[in-house]
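Submitted below is the structure of interest, expressed as structure tokens.
Values quoted throughout were computed directly from the atomic coordinates according to the rules given, and no laboratory measurement underlies them. What you see is a predicted model, and the numbers here were worked out from it, not measured in a lab. When we count neighbours, we look across all protein chains shown, and the Cβ atoms used for this are built from the backbone with ideal geometry, even at glycine.
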Amino acid sequence: MATTPPARSPDGLPTGELTLKQVAARAGVTPATVRRWVKEGLVPQYEGEWTPAAASHVRIVARLRERGHSVRRIREASQSGKLAFGYIDELLPSTEARYTLEEAAREIGLAPALIERLVTAMGQNALSTEEISEEDLQVLRYGAAILAAGLPLPALLQIVRVYGQAMAQVADAEVRLFHLYLHEPLMRDGVPGVEVAQAMEGMTREMLPFAVPFIDYLHGRMLGYFVEQDVIGHIESDLDDEETAQEGRMRVAIAFADLAGYTKLTEEQGEVEAVGAVERFVETVEQTLPIDARVIKTLGDEVMIVGADAGALTSWAVGLGGGLPHRSPPPRIGIHSGAALYRDGDYYGREVNRAARVVARASGGEVLVTRPVVDAASRLDGLDFELIGEVVLKGFTEPTELFNASRKG
């Protein structure tokens, strides 16, 4: 019976097999140093051949030695499983350098400076433009094709920047959650380092095939939702100034919400309880928002929300307190409506700053809004607006009318 020859890497070696020289070069040390580390027990994954997992472990050892950690401490960490992430290299796309920047530029027809801008926009600190792999080159080809199809460069740079930020958050969460809920418990139970690595590898093999289709599914669903909201926004928008629209400005309702007394809660009940209150607060916000609104970002206990309908956002805000868990600190909310500058999935400009200053004037349980919000929400039944007066907000020279929004009756 004929046998299938083993798959070969670009180096001519069977897939997964590396030479000592390659391993040393990837770690930035000499082959003699790698041999010594193996002899001293710093690389428990090495069992007579250089797998990607063992090579990755050597790189980790090299970084730790650069930071001044002793051989004894690294050996203990290796044997206890603290460094048990080396296996991941076997499961991820190859990062083996194949091209220089100039070679990649000739291959895909983009200027070297433009490639560097794309790489920077992705936030790829790990992707050096001096050492480009086949996988890196394929992604750059996609970028070149999108530009050739007519997408303006500023739009491409913004979208890849958003992709980079989102994927960095996903990958960071995956690693940290694995560490907290799988890696640490295994080490606390005294499981040997090699067994820890095997358990982590098994879980990661299950996780990686799930991640790609799940992310693709969510992207498709979210894309359909936001296309629909954009179409509706074109009909309802009263921002008709063509020049302003070309600058990337959008008329939106902007809300900032936080928990009154958060600092006091931290002091009285501790950080764990305070963080739990914030998590419950953010979860309630996300679950109860109007269909056209979404959380843009969170910072500590503060949430920034953007929506298309100022009235709907105000109606949600005045009812938020009743939906929070018992004994939760009362929220305070500030809402403003105006033209904001859209960049990289976020909103900027004077009107965003004004909304942030409005919430700073609110007390626990209050919803403060500006005149544009009152004008947009006055058609809604069930809302009442009490004029507080004209206030000069921090950073603004002109006064801003503030109103306290509440339910009628």
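Tabulate in residue order the Karplus-calculated ³J(HN,Hα) for the stretch 207-222, using 6.51 cos²θ - 1.76 cosθ + 1.60 with θ = phi - 60°, rounded to whole Hz; enter x for Gly and Pro.
Computed from phi, the couplings for the stretch 207-222 are 6, 4, x, 6, 5, 5, x, 5, 5, 5, 4, 4, 4, x, 5, 5 Hz.
Counting only other residues whose beta carbon sits under 12 Å from that of Val71, what net charge do I get with K and R as +1, D and E as -1?
Once all neighbours under 12 Å are counted, the net charge is +4.
Stokes-Einstein D for the stretch 354-409 at 20 °C, 1.002 mPa s, Kirkwood Rh over Cα pairs, in µm²/s? Before the final figure, lay out each step's value.
Values: Rh = 11.7 Å.
The estimated diffusion coefficient comes to 183 µm²/s.
Which order do peptides 24-30, 162-168 fall in by mean Cβ count within 10 Å, highest first?
24-30, 162-168
Hey, any idea what the orientation-averaged projected area of the convex hull of the stretch 246-333's Cα atoms comes to, in nm²?
Values: hull surface 24.0 nm².
Taking a quarter of the hull surface, the average projection is 6.0 nm².
Show me the ranking of peptides 204-216, 134-146 by mean Cβ neighbours inside 10 Å, starting with the highest.
With the highest mean Cβ count within 10 Å placed first, the list reads 134-146, 204-216.
Across the stretch 269-409, how large is the tail of the calculated P(r) beyond 26 Å, expressed as a percent of all Cα pairs?
Percentage above 26 Å: 22.
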